[in-house]
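For reference, the structure is listed below as structure tokens.
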Amino acid sequence: FGAVVDRMAAAEQFATQGGPIVLVQVENELPSTDKAYVEWCGAMAHAALDKAGVSVPLTMCNGETAASTINTCNGNNCNEFLESHGQSKRILVDQPALWTENEGGFQTWGGAPPPGKEPYFWGRAISEQAE
């Protein structure tokens, strides 16, 4: 992790350096069986950013999340995630809502969505959105 952060920082790729990297995902879908490891991941990632002299938000995806990172949603419907404030209970309280993995259907660039997977916003069809 540190080697990648150092390399990106040397190339001035982080937003605080004027680059395009605006956040970094530390881990993905960790179970709650080893909270010490989860917290270590968050601390390790912050230490790597600090050492490189850069600062961007850190995320952990859909599962156990270190206290120093933002919990994000994976799935084809993030309504329950939002309504329950994520697994961390901090989403829309003191952290933003982020949807990092849309598992609800994929399409090729410029192609039509598969039947039944027409455009929707956070799990709701466009036709269901309030006007």
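The values are calculated or read from the model by the stated rules, or taken from the named source; none is laboratory data. Values in this document were obtained by computation on a predicted structure and should not be read as measured data. Note that each Cβ is placed from the backbone with ideal geometry, even for glycine, and that neighbours are counted across all protein chains shown. Remember, those area values only see protein heavy atoms, side chains included, never the ligands or the DNA or RNA. Shrake-Rupley method; radii C 1.70, N 1.55, O 1.52, S 1.80 Å.
Note on region 1-103: with neighbouring protein chains present and a 1.4 Å probe, carbon and sulfur make up 54 percent of its accessible heavy-atom surface. A cut-off of 5 Å between modelled amide H atoms, ignoring neighbours fewer than 5 places along the same chain, links residue 70 with 58, 59, 60. Amide H contacts of residue 28 (H built 1.01 Å from N, in plane; Pro and chain starts excluded): 61 sit under 5 Å, all sequence-distant by 5 or more or on other chains. Spin-label pair residue 82-residue 33: with each label point 7 Å from Cα along the Cα-Cβ axis, the two points sit 3.3 nm from one another. At 1.567 mPa s and 4 °C, plugging the Kirkwood radius over alpha-carbon pairs of region 1-106 into Stokes-Einstein gives what diffusion coefficient in µm²/s? After rounding, the answer is 90 µm²/s.
Were the residues from residue 92 through residue 50 laid out at 0.36 nm apart, the gain over their Cα-Cα distance would be 12.5 nm.
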